[in-house]
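Heads up: the structure comes next, in structure tokens.
The values are calculated or read from the model by the stated rules, or taken from the named source; none is laboratory data. This is a predicted model, so every value here is computed, not measured. Cβ coordinates were reconstructed from backbone atoms using ideal geometry, including for glycine residues, and neighbour counts include every protein chain displayed.
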Amino acid sequence: MSKRLSYFLCWLGSSLFTVPLDGISQNQVIQRRSGVLHYTLTVFDFEDVPITWNMSGEIQAFLNEGINALKEGDTEFAIGQLTEAIKRDQRLWIARYYRAICYKITDRSHLALKDLLEAEAANSSQYELKMELGKVYMILKEGDLSEQCLRGAMKLKPSEVHGYYFLGLLKLLENNVSMAREYFQTCDEMRPEFPDSKIQEGHILMQMGTDEEAAISLFTQAIQLDSMQADARQGRLLIRLQAGRDLSRALDDANFLLTYNQFHLGWRMARANLLIQYKRYDAAFLDIKRVLDVSSMNQDNFIWRTYKREQSIDIQNAGKYLVGRLYGLSDKNQAIIKRHSVKS
């Protein structure tokens, strides 16, 4: 197979790994919190607040139903229940807090901000409120206000690492990589058993390309702390795939990840690339075909043949067809790519 296609498959796998700040859907947020695999914290995650259930029975029912619906992924029903609780007690800041979470993860950040500010007016010393304000301001790209709120939360709980962690994420968004890394290292010093800061620092090293071994070490440390950590396995997989070494270990990580989430296109394309390195064309073609199926593409253009040489060509054609459809290349340009790709 041509090196050009191998590099393309590696790149396509890595491009499908990433999710932009404002591109996480409600379902992804719920899946991240409830799935078997574990992921690093993002601004779309949230913390529960302690509740004293001393309100009326009717309000308790609405509040409880709303919180449960949020955690089950039914955010619209949750908003309705929490709104009913607020109607019965305008001072019920907890209901506003959880309704703000619903708004935040359904791309209504301005409504989330309004609820959080009203909740803070009723309870200005609540750590979780200030943390959520910091995250919502981050989503709204209000960096100064985000940092102010995060630092306010840190004053309330100086020993908690999450404030430093989200300051690190904020600095990454501001493209201040050195400061972001300092915050993640501070997290690691304060709480060595916290895997998320190790993973973020590993991602920084991976993107800088300056010390891939150190990045792998950080990802491995995170996996030792949490064997189900998907982001760490993904980072380790991608480094080895792009470097073209320790491919058997990379394949182990790809197989592990796909065992628990068979629908992740990036992991499936990465495994296809690895299988191709081992000339396991049948298995590689099945992974590429699965991506075509999930992407609602027409795979009828492809046949599967007996001979290894023809199988290699089939894989290349499928890969080029995939990139063409995903990125809107014209038929003419796809034909040009196809002609070049089949030269192995």
Based on what the data block shows, is Leu275 hydrophobic (A, V, I, L, M, F, W, C), without any contact (Cβ under 8 Å) to a residue 40 or more places away in the chain and crowded, with 16+ Cβ neighbours inside 10 Å? yes
Name the helices (runs of 4 or more DSSP H) wholly within segment 126-183 that hold at least 2 residues that are in contact with an Asp or Glu (Cβ under 6 Å, 6 or more places away or on another chain), of a type outside the set (Lys, Arg) and more than 20 Å from Pro195 (Cα to Cα)? 127-139
Being in contact (Cβ under 8 Å) with a residue 24 or more places away in the chain, surrounded by 17 or more Cβ atoms within 10 Å (Cβ to Cβ) and in contact with an Asp or Glu (Cβ under 9 Å, 6 or more places away or on another chain) is the requirement here; does Arg88 meet it? no
Qualifying position, being more than 15 Å from Leu37 (Cβ to Cβ) and modelled with pLDDT of 95 or more, among Gln207, Gln221: Gln221
Going through segment 226-235 in order, the residues found to be assigned to a helix (DSSP H, G or I) and either farther than 14 Å from Glu201 by Cβ or of a type in the set (Asp, Glu) (or both) are Ala230, Asp231, Arg233, Gln234
Determine which single condition Ser146 fails, assuming it passes every other condition in (1) polar (S, T, N, Q); (2) surrounded by fewer than 24 Cβ atoms within 10 Å (Cβ to Cβ); (3) over 17 Å from Ile51 (Cα atoms). (2)
Between Leu258, Leu238, which is modelled with pLDDT of 90 or more, of a type in the set (A, V, I, L, M, F, W, C) and in contact with a Ser or Thr (Cβ under 6 Å, 6 or more places away or on another chain)? Leu238
What number of residues within segment 91-131 satisfy the criterion of being β-branched (Val, Ile, Thr), over 13 Å from Phe62 (Cβ atoms) and surrounded by 20 or more Cβ atoms within 10 Å (Cβ to Cβ)? 2
Looking at Asp246, Asp211, which is the one that is among the acidic types (Asp, Glu) and either touching an Asp or Glu at 6+ places or on another chain (Cβ under 9 Å) or closer than 21 Å to Gln277 by Cβ (or both)? Asp246
Subset of segment 221-235 [of a type in the set (A, V, I, L, M, F, W, C), closer than 26 Å to Asn175 by Cα and either out of contact with any helix residue (DSSP H, G or I) (no Cβ under 8 Å at 6 or more places or on another chain) or in contact (Cβ under 8 Å) with a residue 40 or more places away in the chain (or both)]: Ala230
Mind checking whether some residue in segment 49-57 is surrounded by fewer than 19 Cβ atoms within 10 Å (Cβ to Cβ) and either in contact with a Lys or Arg (Cβ under 7 Å, 6 or more places away or on another chain) or touching a residue at least 60 places away in the same chain (Cβ under 8 Å) (or both)? yes
Does any residue in segment 100-129 that is farther than 18 Å from Thr75 by Cβ come within less than 6 Å, Cβ to Cβ, of a residue that is modelled with pLDDT under 95 and of a type in the set (Asp, Glu) six or more places away or on a different chain, and which pairs are these? Glu128/Glu47
So which residues in segment 71-91 are modelled with pLDDT of 95 or more and out of contact with any Ser or Thr (no Cβ under 9 Å at 6 or more places or on another chain)? Phe77, Ala78, Gly80, Gln81, Leu82, Thr83, Glu84, Ala85, Ile86, Lys87
Pick from Leu251, Leu238, Leu218, Leu258: which is aliphatic (A, V, I, L, M), assigned to a helix (DSSP H, G or I) and touching a residue at least 40 places away in the same chain (Cβ under 8 Å)? Leu238
Taking Val36 as meeting all but one of (1) at pLDDT 90 or above; (2) over 25 Å from Lys130 (Cβ atoms), write down the number of the exception. (1)
